[in-house]
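Encoded as structure tokens, the structure appears first; notes follow it.
The values are calculated or read from the model by the stated rules, or taken from the named source; none is laboratory data. The structure presented is a predicted model; accordingly, all values stated were derived computationally and were not measured. Note: ideal-geometry Cβ built from the backbone for every residue, glycine included; neighbour counts use all protein chains shown.
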Amino acid sequence: MKPIYRDPGLPGLVPALAPSAEQWQSLFTLYIIAAVIVAGAVFVMFFYFLAKYRKKPGAQDPKDAPRVGVMADRGNPALAAILTALLISLFFGLTLNTFALNAYLQNPPNDPNALYVDVIGFQWGWRFVYPNARELIGELRVPEINRTCTPSVRGCWSGTVILNITSADVFHSFGIPDLKIKRDAIPGRVNQAWFVAEQSGIFLQAIRCYELCGTGHALMLADLIVQSPDSFHDWYLTGV
Amino acid sequence: MVDWHPLKRWLFTTNHKDVGILYLFTSLYFFVAAGLLALTFRTQLAFPSNTFLQPDEYNQAVTTHGLLMLLWVLTPLGAAFANYFVPIQIGARDMAFPRLNALSYWVYLSSGLLALSSFFAAGGTADWGWTTYAPLNTVEFSPQVGGSMMGLALMLLMASSIVSTVNFLVTIFRLRAPGMSLMRLPLFTWGWIFTSLLMLWAFPSFVSALSLLIADRTFGTVFFTSPQGGSLLWDHMFWFFGHPEVYVLLLPGFAIVGDLFSTFSRRPIYAKKIVIPCFAIASILSFTVWAHHMFMTGISQSLLEAFNVTTELISIPFAIIVIAYILTLRGGSIRFTTPMLFAVGSLGLFIIGGVTGVFNSSVALDTAFRGTFWVVGHFHYTIVGGGLTGLFAGLYYWFPKITGRMYNERLGKIHFAIYMIGFNLLYFPMHLLYDMPRRIFTYDASTGWGPLNLLITIGGFTFGISQLIMFANLLWSARRGPQASQDPWGGYSLEWGVPSPPPEFNFPEGVPVVSAEGITYRPVAAANGGHAMANGGHAYAGHGVESSEEHWSRWPIVTAAGAGIALWGVLMGLPALILGTAVLAVSFVGWGYESLRGRETIEAIGEKWPFDRLENLSLGMWLFIFGEIAFFGTLFGAYVFLRMNSPLSGFAWPQPGSVHNIFWGGFNTIILLTSGLTMVFALMFARQGSYRGLQGSLVATFALGAFFMVNKACEWKDLFASGFTFSTNPASSIYYVLTGVHGAHVVAGLTALTYLMVKALKARSTMEAGASVEIFGIYWGMVDAVWVFLFPLLYLL
Ligand code: HEM
Ligand SMILES: [Cu+2]
Ligand SMILES: [Cu+2]
């Protein structure tokens, strides 16, 4: 078993745990680059104007300076159209990438060897129910990815984990920040999320609630335990 | 100003400038209260596993902080400036309905006191976060009476805002000075137009959501406890209001920034003709993005993508405005006095908030951000960075106009420097905590979140302390500051053309007439036979408030007190309820009596486009109905939602005819429609000048309306007897709420009818009553029309 691993909570420092997290990280980087370029250009222009056009000693007002009741017309409306077109094309690029990742996150693969777990949020904790009715509270055990377990092989755990998330009482939100997985746990409804973990280990308090659900909200934690397929299977059958 | 006793002036004033000052002090008071609350929970979070606050205290502090800041601080601070300056900026001598304006303020205050008092109720106040998610907000999980009290306080506040909204829109559209075309209005007035329109459409939706919540909490309906409604019904209703609401918070400050960029750089606003449509587009789009707050709720992939795109689209008009503001500076001669510094700060911070907003708009990235401190960082950059900083710019900018004295420039600059440092220390690190859930009262040291949280808390205290500098500066300067000139900045809006502070009726030299060359004042006597008033403040002919003697009323404060006490009594006991209702009743009689003496409104004197044909009162009524459409529309939406989700957990919606008696329902429909007909007769007789015909039709309308209510009561009684109660199922819950609020509208109509009958009786003629009959007719027509939708929905489908 790998040593206990913790997310230090700073972006960029998280070693990828799963494809969902890796892809999220690269999408985030893409957005950051776009944001830095665009906002950077705007700020440069902003500060340049502020510095360049500051009042010089003894300077006269510009000719068209506003005075009470009068504001001259000014400006080139075509600029707005150009700006709109630029932004739309930028968003188009960003959005295509977003939609690709979204489609990945939203649609679990059709994998006969996936592990299905029912996740039930309650005030205040998480209950995990496995297909053989084994139940855990405060701890989610899953098998690590197993690349030899393809759909044509039977009776193995591929590492795909599909969660059916609901709530027994109020609105909770089930999140595993290290995997960049999150889905609301809503009473009377079932929401799906899925992931594959690529790194085994005991991830203490890796699971959190992300919607205020009462006084115990901060304590609504669970551990994530990623095991090798074999040891997971042992546990699955025997409970130890 | 006439020599009134200060108590009379401040309690009874209907002068828009006094009302503005009342708003200013009250909103800053709530700002301090809500800020102190924030410091308590920031103290709690400063260190891992801290025990400064208990969990329930933490949750109440967070909730109250959010609600107070959003609803009792930011919008009212904007309203303070709007009250003081919008009438002057359009060239009017007061609001269209000065008494209603005072009423809005006093109801705002009383709702705020109700909200604060909920803190002291047993079990404390609301503790579910400002978003009030269901079903945590129901009695099963949050039984404390303080939660319901907060709900009622919110309703009361919404009522105040809706009245104020109607008043402002009528004022701006109907009372502009000659030559003051819409395009000549300053950005601040434009910003307030859009703020008002957003409020008029969004706030009634919130009232319907709150109605369902309060019905659940006090009458046991099952909207948010049943799976058919539940979490998602609240989410949709809340965010349909919630997203426009965040623009309500932003626009006033954001608009001020535009005016200030122009004034302090001495250049015209760049592409003002594009900026204003951009405000309009953003306002309209703001009603199409609400589900971006629900990306994790399990809505379908195609809807996710649709809301992703609308959310991105909405950032385009904002981007254009930002660029236009920046280009305004070009070729200017920028003066960096305190108002301009805050305006610059506001725009800079808003850009950062807008950029993180685009991150949130990505459904995939939002998987990580939803419910974390990243989102908290985002919206504080927009609302506090963009909105509040802009309003503070306005506070410094208008301070000399309001007080006639100058603030201390050096202290202003020091305030700005500490404000910016504190702000960024406080909110920037939140983005780095994008794994940390928001609203947690504690966290473990092993998370590694400790140092950033400590930094945030330090930033919070810095930010808080910087405000003390402003308060000290302004309070001291208001008394001791050097005399300010009429126009210290070279402003372009009309308030800079009148003395500081402006006289009671704003324009001492006559009616302002605006043209491309500038502003002239049409002398007093020339105004179509108008008569000069001795107090020199009044230069307008017409009806309505003529002089200082009529520029006050004791009823707004009484009504507000009655409403506050009555609502408090709903939860705290019959004596208060009876007292409050009695006070309300007395105040209504008082209002009616005052109205009979003809003090409704300030008359139009100049530009009225595009509402030249409507009287102030009818425009007001139509705007009100616009809000009512949002109110009932959202309730219908709730009905549709419940019905569409009724198969969840195997509930079968009752078949038509199985519960409700179609015959009686149809009969009642005919009664109500007939009363609509008699109302048409009333209007006809009023136009013809037949007093007896008018009075007869009014009585008939009243009788039919009352009969409708009696029938309704019998129906309710039978349904209850047959076991179909508030809490039977979602179908019964929505039936009672829909017919209940409709019935309340009928009862309100009957009250107004009583007033009309008295008015007609007193006048013994139709002349005076005519206009009021028409306005009431519009209202009554709406009540009928709503029923025309309700009947098939509830009885036939
Ligand atoms: C410029 C474009 C903007 C975009 C694209 C944008 C987008 C978003 C999105 C997608 C969310 C939901 C995030 C989540 O909960 O995970 C959000 C939250 C929020 N935004 Fe914006 N936003 C923008 C501007 C603004 C502005 C101008 C304001 C207010 C003045 C604002 C105020 C808020 C607030 C208050 C929330 C959080 C509500 C809550 O959960 O308590 N945003 N924004
Ligand atoms: Cu929670
Ligand atoms: Cu939003």
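Details
Table: residues versus (1) more than 21 Å from the chain's Cα centre (by Cα); (2) within 16 Å of ligand 1 (Cβ to nearest atom); (3) of a type in the set (A, V, I, L, M, F, W, C).
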| site | (1), (2), (3) |
| --- | --- |
| A:Val153 | yes, no, yes |
| A:Trp157 | yes, no, yes |
| A:Ser167 | no, no, no |
| A:Phe171 | no, yes, yes |
| A:Asp178 | no, no, no |
| A:Lys182 | no, yes, no |
| A:Ala197 | no, no, yes |
| A:Ile207 | no, no, yes |
| A:Leu212 | no, yes, yes |
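- Restricting region B:265-292 to residues that are part of a loop (DSSP other than H, G, I, E, B) and at the interface with chain A (Cβ under 9 Å from one of its Cβ atoms), the residue that is farthest from B:Gly331 (Cα to Cα): B:Ala271
- Test result for B:Ser117, surrounded by fewer than 24 Cβ atoms within 10 Å (Cβ to Cβ), touching a residue at least 60 places away in the same chain (Cβ under 8 Å) and assigned to a helix (DSSP H, G or I): yes
- If only residues of region B:298-313 that are buried (at least 22 other Cβ atoms within 10 Å of the Cβ) and either facing another protein chain (nearest Cβ under 9 Å) or not in a helix (DSSP H, G or I) (or both) are counted, the one that is farthest from ligand 2 (Cβ to nearest atom) is B:Glu312.
- One residue stands out among those in region A:140-172 that are polar (S, T, N, Q) and in contact (Cβ under 8 Å) with a residue 40 or more places away in the chain: the one that is surrounded by the most Cβ atoms within 10 Å (Cβ to Cβ), which is A:Ser167.
- Between B:Ile274, B:Ile284, the distinction of being in the same structural domain as B:Gly387 (by TED's automatic domain parsing), without any contact (Cβ under 8 Å) to a residue 24 or more places away in the chain and more than 16 Å from ligand 2 (Cβ to nearest atom) belongs to B:Ile284 only.
For (1) at the interface with chain A (Cβ under 7 Å from one of its Cβ atoms); (2) touching a residue at least 12 places away in the same chain (Cβ under 8 Å); (3) over 24 Å from A:Ile181 (Cα atoms), each residue gets a yes or a no:
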| residue | (1), (2), (3) |
| --- | --- |
| B:His431 | no, yes, no |
| B:Phe441 | yes, yes, no |
| B:Thr447 | yes, yes, no |
| B:Leu452 | no, yes, no |
| B:Ile456 | no, yes, yes |
| B:Gly460 | no, yes, yes |
| B:Gly464 | no, yes, yes |
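- Against the test of being under 14 Å from B:Thr132 (Cα atoms), touching a residue at least 24 places away in the same chain (Cβ under 8 Å) and crowded, with 24+ Cβ neighbours inside 10 Å, the options B:Phe238, B:Phe203 yield a single qualifying residue, B:Phe238.
- Just one residue in the set B:Ala630, B:Ala652, B:Ala682 is touching a Phe, Trp or Tyr at 6+ places or on another chain (Cβ under 8 Å) and either in contact (Cβ under 8 Å) with a residue 12 or more places away in the chain or hydrophobic (A, V, I, L, M, F, W, C) (or both); that residue is B:Ala630.
- The residue list B:Pro451, B:Pro437 contains one member that is more than 20 Å from B:Ile256 (Cβ to Cβ) and touching a strand residue (DSSP E or B) at 6+ places or on another chain (Cβ under 6 Å), which is B:Pro437.
- In a residue-by-residue description of region B:221-243, the property of being out of contact with any Gly (no Cβ under 9 Å at 6 or more places or on another chain), more than 16 Å from ligand 2 (Cβ to nearest atom), at positive phi and not in a helix (DSSP H, G or I) applies to no position.
- Check on B:Gly253, in a helix (DSSP H, G or I), within 16 Å of ligand 3 (Cβ to nearest atom), away from every other protein chain (no Cβ under 14 Å) and modelled with pLDDT of 95 or more: no
- Test for B:Leu635: is it modelled with pLDDT of 90 or more, under 36 Å from the mean Cα position of the chain (by Cα) and surrounded by fewer than 18 Cβ atoms within 10 Å (Cβ to Cβ): no
- The numbered conditions (1) within 8 Å of another protein chain (Cβ to nearest Cβ); (2) buried (at least 18 other Cβ atoms within 10 Å of the Cβ); (3) modelled with pLDDT under 90 are all true for A:Trp24 except (3).
- Conditions (1) surrounded by 20 or more Cβ atoms within 10 Å (Cβ to Cβ); (2) modelled with pLDDT of 90 or more; (3) within 19 Å of B:Ile21 (Cα to Cα); number of the one not met by B:Leu475: (1)
- Members of region A:160-208 found to be β-branched (Val, Ile, Thr) and farther than 21 Å from A:Arg147 by Cβ, listed by number: A:Ile165, A:Thr166, A:Val170, A:Ile176, A:Ile186, A:Val190, A:Ile202, A:Ile207
- Scanning region B:317-337 for residues that are aromatic (Phe, Trp, Tyr) and within 16 Å of ligand 3 (Cβ to nearest atom) gives a single hit, B:Phe318.
- Scanning region B:565-594 for residues that are without any contact (Cβ under 8 Å) to a residue 12 or more places away in the chain and over 30 Å from B:Met150 (Cβ atoms) yields B:Val589, B:Tyr593.
- Region B:645-687: number of residues that are touching a helix residue (DSSP H, G or I) at 6+ places or on another chain (Cβ under 6 Å) and part of a loop (DSSP other than H, G, I, E, B): 4
- Residue in region B:63-81 that is part of a loop (DSSP other than H, G, I, E, B), buried (at least 24 other Cβ atoms within 10 Å of the Cβ) and in contact (Cβ under 8 Å) with a residue 12 or more places away in the chain present: no
- Residues within region B:281-303 that are within 11 Å of ligand 1 (Cβ to nearest atom) and in contact with a His (Cβ under 9 Å, 6 or more places away or on another chain), tallied: 7
- Residue in region B:1-33 that is nearest to B:Pro76 (Cα to Cα), counting only those that are surrounded by 21 or more Cβ atoms within 10 Å (Cβ to Cβ) and of a type in the set (Gly, Ala, Ser): B:Ser27
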